[in-house]
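Let me begin by presenting the structure, written as structure tokens, before commenting on it.
Rule-based calculations on the coordinates, nothing more; no lab input. The shown structure was predicted, so the numbers you read here are calculated from the model rather than taken from an experiment. Neighbour counts run over all protein chains shown; Cβ positions are idealised from the backbone, glycine included.
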Amino acid sequence: MNSAYMLHTGGYLVRSGFDVFRLNLRDHGPSHHLNRGLFHGALTEEVIAAAARIGEFSEGLPYFILGFSLGGNFALRIAARGRMEDIPGLKRVFAVSPVLDPMKTTLAIDGGFPFYRRYFRKKWQRSLKTKEHLFPDLYRFDGVYAMKTLMEMTDYFVGHHSPFRDARDYFSRYTLLGNALDRLAFPVTILTSEDDPIIPVDDFRDLRNGDGKLTLSIQPRGGHCGFIDPFPFGCWYEPWLVRQTLPDTGKGTR
């Protein structure tokens, strides 16, 4: 994954003394050739398995997971569905602007700012062209490139390349609303904003926190994965993230 906010945050964490492992989800980054199947958002088990394998590399050191947007949704699923004994060293999961209701988010992208719709469509189309090139015996997506919305594309892929009944069934497999985070295997910190144009803030306010492991920070401004600090130019959540890890590393607070 080469999103600017991921690269910038990764660099900041390295400079702050962390070892950083950047995980490419299936068909993200240069990973298309590694599998014949297509990515979809409900691939929970393989991401939990990857998180467990990365935890083994920590060799007893404190280990943290950070996810943005859809990656934040995956990070939350690790905390909700993983097991402490299976992910060595994991102390806390962080999610920045995580998707909670993927159907709402998809519809918001399609019906909102054209910039978001063009960005995600083109990103998905590039991924499909790469997959076509690598596996011409399996995939031909000619008709998909003319589709104008993400929902139209989703309907096509759910119907032709997935085991799900329909888009609603598919999205339900990774929707995190209400009590979905009520019993967590690991402490979770969510950072989101009231002005996120594609993720409704009320969905965060409605999350239940039965075991007390969920910490929610809702900022008035920040957009989607924004939280810009104009001077020095960067994201203000980067030093904030480092401060949040200190109690789990035994270093106290700054």
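Report, by residue number, each residue of the stretch 82-124 that is in a helix (DSSP H, G or I), among the aromatic types (Phe, Trp, Tyr) and surrounded by 15 or more Cβ atoms within 10 Å (Cβ to Cβ).
If the condition is that a residue be in a helix (DSSP H, G or I), among the aromatic types (Phe, Trp, Tyr) and surrounded by 15 or more Cβ atoms within 10 Å (Cβ to Cβ), then Tyr116, Phe120, Trp124 are the ones that fit.
Suppose we filter Ala185, Ala146, Ala180, Ala167 for residues that are touching a Gly at 6+ places or on another chain (Cβ under 6 Å) and not polar (S, T, N, Q); which single one remains?
Within the list Ala185, Ala146, Ala180, Ala167, the selection yields Ala185.
Which residue is surrounded by the fewest Cβ atoms within 10 Å (Cβ to Cβ), if the candidates are limited to the stretch 150-205 and must be among the charged types (D, E, K, R) and not in a helix (DSSP H, G or I)?
At the first step, the residues of the stretch 150-205 found to be among the charged types (D, E, K, R) are 152, 155, 165-166, 168-169, 173, 182-183, 194-196, 202-203, 205.
Next cut, not in a helix (DSSP H, G or I) only: 165-166, 173, 182-183, 194-196.
Details: Arg165: 11, Asp166: 13, Arg173: 14, Asp182: 14, Arg183: 13, Glu194: 14, Asp195: 13, Asp196: 22.
That would be Arg165.
From the set of residues in the stretch 47-81 that are in contact (Cβ under 8 Å) with a residue 12 or more places away in the chain, part of a helix (DSSP H, G or I) and out of contact with any helix residue (DSSP H, G or I) (no Cβ under 9 Å at 6 or more places or on another chain), which is nearest to Phe186 (Cα to Cα)?
Looking at residues that are in contact (Cβ under 8 Å) with a residue 12 or more places away in the chain, part of a helix (DSSP H, G or I) and out of contact with any helix residue (DSSP H, G or I) (no Cβ under 9 Å at 6 or more places or on another chain), I get Ala79.
Go through the stretch 2-30 residue by residue and tally those that are surrounded by fewer than 16 Cβ atoms within 10 Å (Cβ to Cβ) and on the phi < 0 side of the Ramachandran plot.
Total satisfying the criteria: 15.
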